[in-house]
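Undergrad: Have a look at this one before I ask anything.
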Amino acid sequence: MLNAIRPGDWLTMLAGGAVTVWLMSVCWNGGAADRAIVRSGGKVFRELPLSPDSQLHVPGPLGISVITIHDRQARIESDPSPRQYCVRQGWLKQAGEIAICLPNEISVELAGRTKNYDSLNY
Amino acid sequence: MMPSLKLETSSEDHHLARMAAAALGLSVLEAAIPSPLPGVKPGLANIVTLIVLARYGWRAAAWVSLLRVMAGSLLFGNFLAPGFFLSLSGAVCSLLVLAASRHLSQRLFGTISQSILAAFAHIAGQMAVVYLWLIPHAGIAWLLPIFAAAALLFGTVNGIIAARFLSSPATPP
């Protein structure tokens, strides 16, 4: 069976596999993010574009959270919450990623052109 | 009295019709196989197209492929329905790619390569029709990797089957 396969056929198979993997990476990711949605107390506080770099101070019940946008990524740089989970989450890169500071009721979510459904809410 | 109409048919016509009938038989057979996703089909009829292409050239393959699409749609009752145009666009794209694939080195690239290329062209043509006409929504992009994986798998399997047929000594038609 294998002797029917010519060298170029392996090449074609490899190319087909590469195309398939490439399609997976393109079609099955949240896609490129182009803005950060900042929420405070459940309401949208501000929508920030991911460029240019910027910094935003968001007031919450415990104090001020600082959100930083740098190099098309976003993070919560500082937050008054006791356990600092959202700060330690680090940089958000892809659409759909979210960092939430529950005690201070602040969240940052990256969104692309098409908003993916949130499996936690739907 | 009506003059009787007689179509002059050559033995080549008969041969093409026999090949198309074989492809049609495989289409019907395949329709009985349940598919997890509409559109994911083995495309067994393309084995016939590949064999005809290798033995009798591109023109014969085009005839067999398009006759199979036409007759198949009449048989399944979807002539001029969306399913027919999906088959047609897939078949036409495959044939165009197969025409181009003849310029590849015969020594390096065999029937299996042609089969895989045609399978990808098939799905590309179908998705183009789906996107431009039937479901103009970016959400169908989510299905692309599944179709591509199916094209790779079935393209390879069909190509191996066709290559096996072709490597066995030719039987008179």
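Undergrad: Given the condition in a helix (DSSP H, G or I) and either of a type outside the set (A, V, I, L, M) or closer than 24 Å to B:V129 by Cα (or both), answer yes or no: does some residue in the range B:1-9 qualify?
TA: No, that holds for no residue.
Undergrad: Can you confirm whether B:A62 is in contact (Cβ under 8 Å) with a residue 60 or more places away in the chain and buried (at least 16 other Cβ atoms within 10 Å of the Cβ)?
TA: No: the conditions fail for B:A62.
Every residue, every condition in (1) small (G, A, S); (2) assigned to a helix (DSSP H, G or I); (3) touching a residue at least 60 places away in the same chain (Cβ under 8 Å), yes or no:
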| site | (1), (2), (3) |
| --- | --- |
| B:L66 | no, yes, no |
| B:L75 | no, yes, no |
| B:A118 | yes, yes, yes |
| B:A148 | yes, yes, no |
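Undergrad: Consider the range B:81-108. How many of its residues are within 11 Å of chain A (Cβ to nearest Cβ) and of a type outside the set (S, T, Y)?
TA: 4
Undergrad: May I ask you to list the residues in the range B:149-160 that are within 19 Å of A:P7 (Cα to Cα), open to solvent by less than 60 Å² (accessible area, probe 1.4 Å) and facing chain A (nearest Cβ under 10 Å)?
TA: B:L152, B:G155, B:T156, B:G159, B:I160
Residues checked against (1) under 21 Å from A:A33 (Cα atoms); (2) open to solvent by less than 20 Å² (accessible area, probe 1.4 Å); (3) not in a loop (DSSP other than H, G, I, E, B):
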| site | (1), (2), (3) |
| --- | --- |
| A:R46 | yes, no, yes |
| A:P52 | yes, no, no |
| A:P61 | no, no, no |
| A:V87 | yes, no, yes |
| A:A99 | yes, yes, yes |
| A:N104 | no, yes, no |
| A:L110 | yes, yes, yes |
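Undergrad: Related question: Can you confirm whether A:V38 is touching a Ser or Thr at 6+ places or on another chain (Cβ under 8 Å), surrounded by fewer than 18 Cβ atoms within 10 Å (Cβ to Cβ) and modelled with pLDDT of 90 or more?
TA: For A:V38, the condition - touching a Ser or Thr at 6+ places or on another chain (Cβ under 8 Å), surrounded by fewer than 18 Cβ atoms within 10 Å (Cβ to Cβ) and modelled with pLDDT of 90 or more - is not met.
Undergrad: Residues to consider are A:W28, A:W91; find the one that is open to solvent by 50 Å² or more (accessible area, probe 1.4 Å) and within 14 Å of another protein chain (Cβ to nearest Cβ).
TA: Of A:W28, A:W91, the one residue that is open to solvent by 50 Å² or more (accessible area, probe 1.4 Å) and within 14 Å of another protein chain (Cβ to nearest Cβ) is A:W28.
Undergrad: Moving on. Identify all residues within the range B:65-96 that are under 22 Å from A:T12 (Cα atoms) and crowded, with 19+ Cβ neighbours inside 10 Å; write none if there are none.
TA: B:G90, B:A91, B:C93, B:S94, B:L95
Undergrad: Additional query: Mind checking which residues of the range A:1-25 are within 7 Å of chain B (Cβ to nearest Cβ), over 30 Å from A:A111 (Cβ atoms), at pLDDT 85 or above and in a helix (DSSP H, G or I)?
TA: Within the range A:1-25, A:P7, A:G8, A:D9, A:T12, A:M13, A:G16, A:G17 meet the criteria.
Undergrad: Oh, and also: Would you say A:R35 is within 14 Å of chain B (Cβ to nearest Cβ) and of a type in the set (K, R)?
TA: No; evaluated as a whole, the condition is false for this residue.
Undergrad: Tally the residues that are more than 10 Å from chain A (Cβ to nearest Cβ) and under 13 Å from the mean Cα position of the chain (by Cα), restricting the search to the range B:109-148.
TA: Residues meeting the conditions: 6.
The values are calculated or read from the model by the stated rules, or taken from the named source; none is laboratory data. Only a predicted model underlies this, so the values are computations on that prediction, with no experimental measurement involved. FYI the Cβ positions are ideal-geometry reconstructions off the backbone, even for glycines, and counts take in every protein chain you see. Please note that ligands, DNA and RNA were not included when accessible areas were found on the heavy atoms of the full protein model with its side chains. Shrake-Rupley method; radii C 1.70, N 1.55, O 1.52, S 1.80 Å.
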